[in-house]
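Engineer: Below are the structure tokens for one structure; questions will follow.
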Amino acid sequence: MHIERVELQRLHMPFKASFEASFGRMATRDLVLVSVYSSDGTVGYGESTSMALPLYNEETTETVWYMLEQFLIPRLLAAKVTSPVEVAELFAPIRRNNMAKAALEGAVWDLYCKQQGISLAAGLGGQKQAIEVGVSIGIEPTVDLLLKKVEGFLSQGYKKIKVKVKPGFDIEPMRAIRKQFGPDVPLMADANSAYTLEQIDILKELDQFGLIMIEQPLEHDDIIDHAKLQKELKTPICLDESIHTLEDARKAVELGSCGIINIKVGRVGGLTESKKIHDFCQSHSIPVWCGGMFETGVGRAHNIAITSLPNFTIPGDTSASDRYWAEDIVDPEVMLVEPGMLAVPTAPGIGYNLKPDSVKKFLVRQENYTRQTVASAD
Ligand code: OSB
Ligand code: MG
């Protein structure tokens, strides 16, 4: 593949509106954009799904930069990788730091597919031409404001409505959505670990709303209590935060901790691991869907590509660019091609071009790394 240079760019991108989850409120995305340059002039792009603060997982955008600069980029530049599947093996001795790994691995996947002249979706083995998508809606100041948002997204045809919940903002909003929009709206709740088993009565009450699933109700690192909870709930549990590897998925499925898995490419360390989890879940009749981390168009394009695999049977959180951004950094922007549907690009790689002028507007730091400038890998 002849990777000769890696560029890191840190971007601060303000959201159109702030977003609240049980772990906090965010108004700006803080990310690392990774560009991998080959000697033949081809460039691959990846994006870190980290946040500024370690409230979702242990990584931050600062730690992602550090891991990339100190360990991951030197390893990649010192190796002679011929295929992106080798990148995960190359990074395996380095513990965790999955979002840092995924950002660089994703860029290598894009580069490889561009050099092969195939789309990233095709490179991953995806077959769909279009994918169904939903939206994730934050905790709103009032239930009325939440209902207005739900109405707006339903009118755009989004195929799944996910609502963030926390103790005190759970039963009432779900009841209000069912009352106003009826029993057929595909609805789910995401707690981001806001409950404990002691609050099982609230979680059981959610059963009455016919939710497609409840996402990560208990601790971020738990699969034991989730298994206990799943036995008491009719609603399938979906694990997000608890799953970092194929092995985590295997253990959770074996224990009965969930009926559904949310695959986030960043959380599991890249596209190769995502595909492995997808394949495992497919063979165990566990449906999966692709989660989101407020990605720019670059991360969205990676999400679209992985979602083109067949066991992504539940609409994911990859909404259009205009869900969060007044201006995205890709051209064209990610847009619904039909109500609630995104097209899977057929152009080589991620199928979206970067808009350098937009990148410049949000740029706060930029560094380049070559074999000559990085410290030796080990
Ligand atoms: O739990 O899925 C989550 C955003 C940041 C961190 C965690 C989560 C989320 C979302 C937003 O739900 C999904 C999106 O629209 O990108
Ligand atoms: Mg979640």
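Engineer: Longer than 18 Å from Cα to Cα, which of Lys160/Lys204; Lys204/Lys231; Lys234/Lys275; Lys148/Lys179; Lys164/Lys251; Lys164/Lys275 are they? Say none if no pair is.
Structural biologist: Lys160/Lys204; Lys234/Lys275; Lys164/Lys251; Lys164/Lys275
Engineer: While we're looking at this one, here's another question. Report, to the nearest whole %, how much of the accessible area of the range 2-152 belongs to carbon and sulfur atoms, 1.4 Å probe, protein only.
Structural biologist: On the range 2-152, the fraction of accessible area on carbon and sulfur atoms equals 52 percent.
Engineer: How much of the pair distance distribution for the range 235-378 lies past 20 Å, counting alpha-carbon pairs only, in percent?
Structural biologist: Within the range 235-378, distances greater than 20 Å cover 54 percent of Cα pairs.
Engineer: Let me ask another. Accessible area per residue of the chain at 1.4 Å probe, in Å²?
Structural biologist: I get 39 Å² per residue for this part.
Engineer: Ok, one more. Which value results when the Cα radius of gyration for the range 83-126 is divided by 2.2 N^0.38 Å?
Structural biologist: Output field value: 1.20.
Engineer: Further question: Counting only Cα atoms, I'd like the Rg/Rh figure for the range 76-195, Kirkwood definition for Rh.
Structural biologist: Value, to two decimals: 1.15.
Engineer: A further question on this structure: What fraction, in whole percent, of alpha-carbon pairs in the range 222-288 exceed 19 Å separation?
Structural biologist: I get 23 percent for the Cα pairs in the range 222-288 exceeding 19 Å.
Engineer: Would you mind checking the radius of gyration and Dmax of the range 1-60 based on alpha-carbon positions, in Å?
Structural biologist: Calculated on Cα positions, Rg and Dmax stand at 15.0, 46 Å.
Engineer: Taking the Cβ of Ile260 as the center, what net charge do the other residues with Cβ under 13 Å away carry, scoring Lys and Arg +1 and Asp and Glu -1?
Structural biologist: Neighbour charge sum, excluding Ile260 itself: -1.
Engineer: Roughly how many whole Å is it from the C-alpha centroid of the range 251-325 to that of the range 1-60?
Structural biologist: When both Cα centres are located, 18 Å separates them.
Engineer: Shifting gears a bit: Treat each spin label as a single point 7 Å out from the Cα along the C-beta direction, and report the Glu367 to Tyr66 distance in nm.
Structural biologist: Those two pseudo-labels are separated by 1.2 nm.
Engineer: Based only on the alpha carbon positions, what is the Kirkwood hydrodynamic radius of the range 1-159, in angstrom?
Structural biologist: Its Kirkwood hydrodynamic radius stands at 17.7 Å.
Engineer: Pairs of Cα atoms under 8 Å, at least six residues apart: use those to get the relative contact order of the range 28-84, whole percent.
Structural biologist: Value for the range 28-84: 25 percent.
Engineer: Take the solvent-accessible surface of the protein heavy atoms, probe 1.4 Å, and return the percent of it on the range 210-346 that carbon and sulfur atoms account for.
Structural biologist: 55
Engineer: While we're looking at this one, here's another question. What fraction, in whole percent, of alpha-carbon pairs in the chain exceed 40 Å separation?
Structural biologist: The proportion of pairs with Cα distances above 40 Å equals 11 percent.
Engineer: Something else: Could you give the Stokes-Einstein D for the range 163-233 in µm² per second, using the C-alpha Kirkwood radius, 37 °C, 0.692 mPa s?
Structural biologist: The diffusion coefficient I find is 266 µm²/s.
The values are calculated or read from the model by the stated rules, or taken from the named source; none is laboratory data. Everything numeric here is computed off the predicted structure, so don't read it as measured data. As a convention, Cβ positions derive from the backbone with ideal geometry for all residues, glycine included, and neighbour counts pool all protein chains shown. Accessible surface is based on the protein model in full, side chains and every heavy atom, while ligands, DNA and RNA are left aside. Shrake-Rupley method; radii C 1.70, N 1.55, O 1.52, S 1.80 Å.
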